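Here's the structure we're looking at; comments come further down.
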Amino acid sequence: SMARTSPALARRERITSAATDSLLIGWRNLKRIPRIPELAIFAILWGADLTAGEEERRTIDSLLATPVSRRRVIIEKWLALCSATVLLSVVLELVLGLIGPLFRLHVGWAPLTAVVAGSCLFALSFGTVAMTVGAGTGSRGLARGVAGALAVATYLVSTLAQLVDWLK
């Protein structure tokens with residue numbers, strides 16, 4: 001038909017195809033980006049402490065006695081976890097990017113940013129799990145254990161997926 005051969009439609013199909021190919025290649029490459037485990041350790045430890053830690057220390061009772069909803073307390077604690085993890089990620093990127101070359105670590109800013117951003121999201125995911133399990137159980141150890149085990153399992157599967165065909 002005439003619409004099928006129009007230059008505008010053909011151009012739009014090429015752009016759509018190129019964008020789809022680019023997203024798929026980007027997704028495949030994103031799965032190969034290494035992670036910085038220290039960010040996840042920080043987020044898991046502090047996420048568990050934000051909820052279960054306060055309950056174990058019995059300091060959450062005075063906070064919940066105020067006229068602030070429990071939902072708001074949890075959301076603000078989660079935003080604090082996000083802010084601290086992002087801040088730590090930025091500091092880590094600056095240190096690695098500026099001081100790394102002194103130790104012959106030449107990565108480049110774009111790949112370094114990709115690794116740090118991916119690590120930050122990975123850390124926030126499991127920090128959130130730790131915070132949730134801690135809020136639900138009141139046990140800091142259980143929250144850290146569950147989130148840590150899930151983080152290690154996820155890391156191993158994503159690492160092994162590059163080596164084992166059926167995990168790809």
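The values are calculated or read from the model by the stated rules, or taken from the named source; none is laboratory data. Bear in mind that the values here come from a model prediction, so they are computed numbers and not experimental data. Methodologically, a virtual Cβ is constructed for each residue, glycine included, from the backbone with ideal geometry; neighbour enumeration extends over all protein chains shown. Accessible surface areas use protein heavy atoms only, side chains included; no ligands, DNA or RNA. Shrake-Rupley method; radii C 1.70, N 1.55, O 1.52, S 1.80 Å.
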Residue 56-residue 156 FRET efficiency (beta carbon distance; Förster radius 35 Å; 0.05 resolution): 0.70
Coil-residue trypsin sites (Lys or Arg not before Pro) of segment 69-154, DSSP, other Cβ within 10 Å capped at 15: 104
Segment 47-103 - Rg (one decimal) and Dmax (whole number), Cα, Å: 16.7, 53
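What relative contact order, as a whole-number percentage, does segment 50-125 give when Cα pairs under 8 Å and 6 or more residues apart are counted?
Computed value for segment 50-125: 30 percent relative contact order.
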Segment 82-168 - Rg and Dmax from Cα coordinates, angstrom: 16.1, 46
Heavy atoms of residue 142: accessible area, 1.4 Å probe, square angstrom to 10: 80
